[in-house]
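The values are calculated or read from the model by the stated rules, or taken from the named source; none is laboratory data. For clarity, every value in this text was computed on a predicted model and none was experimentally measured. Ideal geometry is used to build each Cβ from the backbone, glycine not excepted, and the neighbour counts take in all protein chains shown. To get the accessible areas, we keep the full protein, side chains included, count just its heavy atoms, and leave off ligands, DNA and RNA. Shrake-Rupley method; radii C 1.70, N 1.55, O 1.52, S 1.80 Å.
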Amino acid sequence: MNIVKATDDNIIAAAEIIKKGGIAAFPTETVYGLGADALNPIAVAKVFEAKNRPFFDPLIVHIAELSDMDKITKNVDAKSYELMERFWPGPLTVILEKKDCVPHIVTSSLPNVAVRMPFHKIALEFIEKSGTPIAAPSANRFGCLSPTNAEHVYNQLGDSVDIIIDAGPSTFGIESTIIKILEEKIYLLRHGAITKEDIEEFIKEPLLLDAANDKIETPGQLPYHYSTDKQIILLDKIANIEERCGYLFYKKPHFTIPENRSMILSGRGNLREAAANLFSHLHYLDRLDIDKIYAEKIEEKGLGIAIMDRLNKASMKNL
Ligand code: TXA
Ligand code: MG
């Protein structure tokens with residue numbers, strides 16, 4: 001078993017693995033990441049291999065300090081800077097022009113690199129001790145549910161990862177929001193832990209959702225993703241209970257539910273709590289001896305948009 005507690009010694013050990021070209025899973029405030037030295041293409045290839053991820057899907061590069069940006073990006077515009085200063089460290093990923101030192105494998109040969117500075121203390125320590133930017137996708141097998149704790153990582157990737165740093169559950173539980181600035185316009189490429197409203201309130205202009213603009217590359221945003229083994233069926237309201245089915249409720253329902261196969265995202269209907277529980281509840285339901293999972297839809301407002309994006313994609317696979 002390669003899971004270790006997030007002690008100083010273990011973080012140093014994980015950083016040593018990175019320096020030697022290995023791969024390490026680490027906690028962030030969104031989901032667990034599977035990291036490699038972003039400037040070492042062979043190490044990054046191991047991440048793709050462990051996840052069985054297609055090479056057309058580029059990785060986010062994680063940094064610990066703003067000055068690390070200069071190592072990997074160039075021509076950073078003023079608007080991107082303002083957004084980074086406001087939301088970093090935190091769950092915002094910004095697409096920027098890359099320097100030549102960033103290997104093609106990291107960006108799938110795009111001229112841009114996705115960069116994020118996580119907020120999680122252990123993630124920052126791990127990146128800093130590694131002494132290099134860390135390329136890291138979520139630490140799951142490609143197309144499967146994202147991991148929000150160390151056990152989720154182990155269950156999907158096992159010993160193909162050199163080390164898994166365990167710092168308990170991720171607080172946000174949903175991935176970072178991805179934005180890209182092109183000709184002074186700000187595009188939202190992925191809904192995530194920072195809401196559209198949060199960003200718009202700061203920039204005082206509407207975010208553009210039209211990523212179909214052919215100048216905006218949005219690789220990896222497949223219509224289905226986050227797949228469970230069990231089929232997920234989305235319902236406006238769960239009204240009756242069937243045998244051999246699992247249930248994912250948003251709030252506590254007013255009728256009796258089968259305790260052993262029902263999960264509630266947030267008893268009191270808090271979206272932040274719901275996002276934090278989303279993947280772990282789905283991981284739990286997916287491992288039960290049931291035939292399918294019914295999930296209740298959530299109003300698409302604030303974090304509800306990012307949650308529904310994940311649920312919609314998760315339910316697409318089996319259609
Ligand atoms: O919260 C997160 O962002 C987590 C943690 C570990 O930081 N990471 C994460 O990585 O969600 P991943 O690989 O599961 O999702 C990254 C997304 C993919 O959809 C990928 O296509 C997109 O970011 N992406 C990466 N580089 C890009 C680029 N240069 N241009 C456009 N999209 C990019
Ligand atoms: Mg992912």
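In region 83-137, which residue that is without any contact (Cβ under 8 Å) to a residue 24 or more places away in the chain and within 19 Å of V44 (Cα to Cα) is surrounded by the fewest Cβ atoms within 10 Å (Cβ to Cβ)?
For region 83-137, the residue satisfying everything is D100.
Could you count how many residues in region 228-285 are among the aromatic types (F, W, Y), assigned to a loop (DSSP other than H, G, I, E, B) and closer than 21 Å to I174 by Cβ?
Counting residues in region 228-285 that are among the aromatic types (F, W, Y), assigned to a loop (DSSP other than H, G, I, E, B) and closer than 21 Å to I174 by Cβ gives 1.
Name the pairs: first residue in region 15-43 and of a type in the set (S, T, N, Q), second residue open to solvent by 10 Å² or more (accessible area, probe 1.4 Å) and assigned to a helix (DSSP H, G or I), Cβ to Cβ under 9 Å, at least 6 apart or on different chains?
From residues that are of a type in the set (S, T, N, Q), the pairs are T28/I122.
Which residues, taken from region 62-80, are exposed (fewer than 15 other Cβ atoms within 10 Å of the Cβ) and touching a helix residue (DSSP H, G or I) at 6+ places or on another chain (Cβ under 9 Å)?
Across region 62-80, the qualifying residues are E65, L66.
Quick one: in region 216-228, which of the residues that are away from ligand 1 (no atom under 12 Å from the Cβ) and open to solvent by 50 Å² or more (accessible area, probe 1.4 Å) is modelled with the lowest pLDDT?
Going through the qualifying residues, I end up with P223.
This table checks each residue for (1) more than 16 Å from I307 (Cα to Cα); (2) of a type in the set (G, A, S); (3) open to solvent by less than 20 Å² (accessible area, probe 1.4 Å).
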| position | (1), (2), (3) |
| --- | --- |
| S160 | yes, yes, no |
| D166 | yes, no, no |
| E175 | no, no, yes |
| K185 | yes, no, no |
| R190 | no, no, no |
| L208 | yes, no, no |
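What residue, among those in region 1-27 that are closer than 25 Å to H104 by Cα and not in a helix (DSSP H, G or I), is most open to solvent (accessible area, probe 1.4 Å)?
K20
Filter region 56-95 down to residues that are within 16 Å of ligand 2 (Cβ to nearest atom) and outside any strand (DSSP E or B) and give me whichever is nearest to R116 (Cα to Cα).
P91
Of everything in region 244-257, what is modelled with pLDDT of 95 or more and loosely packed, with under 15 Cβ neighbours inside 10 Å? Give them in sequence order.
R244
In region 273-286, which residue that is open to solvent by 20 Å² or more (accessible area, probe 1.4 Å) and touching a residue at least 60 places away in the same chain (Cβ under 8 Å) is farthest from the chain's Cα centre (by Cα)?
Among residues in region 273-286 that are open to solvent by 20 Å² or more (accessible area, probe 1.4 Å) and touching a residue at least 60 places away in the same chain (Cβ under 8 Å), the one farthest from the chain's Cα centre (by Cα) is D286.
Of all residues in region 40-59, how many are touching a Pro at 6+ places or on another chain (Cβ under 7 Å) and either within 28 Å of I307 (Cα to Cα) or crowded, with 19+ Cβ neighbours inside 10 Å (or both)?
Selection size over region 40-59: 8.
Going by what's in this entry, would Q231 be described as open to solvent by 40 Å² or more (accessible area, probe 1.4 Å) and within 16 Å of A306 (Cα to Cα)?
No; evaluated as a whole, the condition is false for this residue.
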